[in-house]
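Scroll down for the structure; my scribbles are underneath it.
The values are calculated or read from the model by the stated rules, or taken from the named source; none is laboratory data. What you are looking at is a predicted structure, and each value in this text was computed from that prediction instead of being measured. With ideal geometry, Cβ positions are generated from the backbone for all residues, glycine too; neighbour counts draw on all protein chains shown. Note: areas computed on protein heavy atoms with side chains; ligands, DNA, RNA excluded. Shrake-Rupley method; radii C 1.70, N 1.55, O 1.52, S 1.80 Å.
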Amino acid sequence: MAEVKPEEISHPPMEQLQGFEYCIDSNPPWGEAIILGFQHYILALGTAVMIPTVLVPMMGGDDGDRVRVVQTLLFVTGINTLLQSLFGTRLPTVIGGSYAFVIPIMAIIQDPSLSGIPDGHERFLETMKAIQGALIVSSSIQIILGYSQLWGIFSRFFSPVGMTPVVALLGFGLFERGFPVVGRCVEIGLPMLILFVVLSQYLKNIQIKEIPILERFSLFICVALVWAYAQILTSGGAYKNSAEVTQNNCRTDRANLISSAPWIKIPYPLQWGAPTFNAGQSFGIVSAVLVSLVESTASYKAAARLASATPPPAHILSRGIGWQGIGILLDGLFGTGTGSTVSVENVGLLGSTRIGSRRVIQISAGFMIFFSMLGKFGALFASIPFTIFAAVYCVLFGLVAAVGLSFLQFTNMNSMRNLFIVGVSIFLGLSVPEYFFRYTMAAHRGPAHTKAGWFNDYINTIFSSPPTVGLMVAVFLDNTLEVKQAGMDRGMPWWQRFRTFKGDSRNEEFYRLPFNLNRFFPPA
């Protein structure tokens, strides 16, 4: 057997992923684009339904209030997605509800001045108005950091070594929303997981009229099949004598969304009343805004690779963060009950379908806005059991994590310095939030429990986010350990030209503003 030469087994680093037929600025035919956009809409329903399902009952709201919050969250998600894809980073990302806001929002819900209101609906309205006020105030943080270019300046400290743990933890850190949720209803979740992997990977080469239909539309096909299967089990009485937890996770008729939804309802600003403002509550929400900023930065890095685009320059990253701050402001004005961030699952779907087209995401935003106004139709799709989404998350979150690991190709992974930074950052990024989670589950409060509620929210929120912990550890170590001697090892020569908009000729193609707006807002 002939000796294998090193150059025959090595793969040169590439800023753009290969094998994408449609990238960020190329579009599939309209028929395909509409179905692909509908897939992204279906996937976004998981978070849009789950967050209000958790928070609204704690606020004192009933099923009708929950449906209206779901509609509002989807409506604003559509608007924010359009704004971000048109004027922000211009990457194909869905800007949806964020779990990072749950901890400080629960602190607002448990505030004695609100929790003591005896009437449930009045308590819901007063709590929602307090959340709105806190979101409106705290949105200024991202707006300032974005449009002042401060976040872009800070991003110049990011290297491939530093960003690898952050993007990887974006996927790895969401493991609790994967198979642990699938296990709550294995008879639905496991078939969904297996079917999705088989159709999207093993049978992806099956074509109809030269279209790899199973690869591109596997999510739509799998959800339809398993949802119908779940409906048969529900109608056949399979869960008639099951435990309450099993019925909530398996039955298709437990959400009470369709019966509670109005036929037509258009969300509008201040629909719950005039927001109320409290300094302590606003400071608490700021911690979630910072977490959202870090998680979105990691998502933009991942989305750029999965859209076959170049890494977003510092100016573009700042512009996106600024528009995301406006998105949180809209969350506060409309009353979505939570703030916004980039949807990780929708980023993963770009890789699963191998379609990174911006137009597809804009079409999905149109579906969000349309179905949020037609309450009954939107509620029909929103009644899909969350177990089905969790099965898909097992694949899509893993894809995003793998994209983070792919940044290592730009670095020297024979360097003990780099191995130390990546290993310690990923381990602490998983271990520290797990400690905060277990402590909270055992003590029913976070590890930070001082008399200053806003300080507690800061610590408990920030250190419960794997990407945020990973960023703090990785960026600190990467910029303090043997920096001068490790310039090449860090991979900075590969990313150097992407720090400025004019550093690479492809940036103009991917990130220029529409309608010739670059004439009035020239990039840095």
Three-way shape call for the range 97-256 based on the alpha-carbon gyration tensor, with the a/c threshold at 1.5: oblate
Overall dimensions of the chain by Cα: Rg and Dmax, Å: 22.6, 82
Solvent-accessible area per residue for the range 183-242 (1.4 angstrom probe, square angstrom): 56
Where the range 395-524 is the region considered: accessible area per residue in Å², 1.4 Å probe: 54
Sites Ser148 and Asn516 - FRET efficiency at Förster radius 22 Å, r taken between beta-carbons, to 0.05: 0.30
Cα centre as origin, Lys/Arg/Asp/Glu Cβ charges: the chain dipole, Debye: 560
Estimated dipole of the range 67-162 in Debye, rounded to 20 [Cβ of Lys and Arg +1, of Asp and Glu -1, Cα centre]: 400
Percent RCO, i.e. relative contact order, over the chain, from Cα pairs under 8 Å lying at least 6 residues apart: 32
Eligible aspartates and glutamates near Lys209 by straight Cα distance, threshold 13 Å, same-chain separation 8 or greater: Glu32
Translational diffusion coefficient (Stokes-Einstein; Kirkwood radius from C-alpha pairs) of the range 69-116 at 25 °C, 0.890 mPa s, in µm²/s: 195
Shape metrics for the range 163-230, restricted to C-alpha atoms - Rg then Dmax, Å: 14.7, 41
Isolated Cys residues of the chain, judged by Cβ distance under 4.7 Å to other cysteines: Cys23, Cys222, Cys394
Exceeding the 28 Å Cα-Cα cut-off - candidates Lys129/Lys376; Lys265/Lys301; Lys129/Lys265; Lys240/Lys376; Lys204/Lys240; Lys204/Lys301: Lys265/Lys301; Lys204/Lys240
Segment Tyr435-Ser242, length gained on full extension (0.36 nm per residue, minus Cα span): 66.2 nm
Structure-based [θ]222 nm, the chain - -39500 (n - 2.57) summed over DSSP H runs of at least 4, per residue, nearest 500: -20500 deg cm²/dmol
Apportionment of accessible area to carbon and sulfur, the range 30-411, percent (1.4 Å): 68
For the range 17-76, radius of gyration divided by Kirkwood radius, i.e. Rg to Rh on alpha-carbons: 1.21
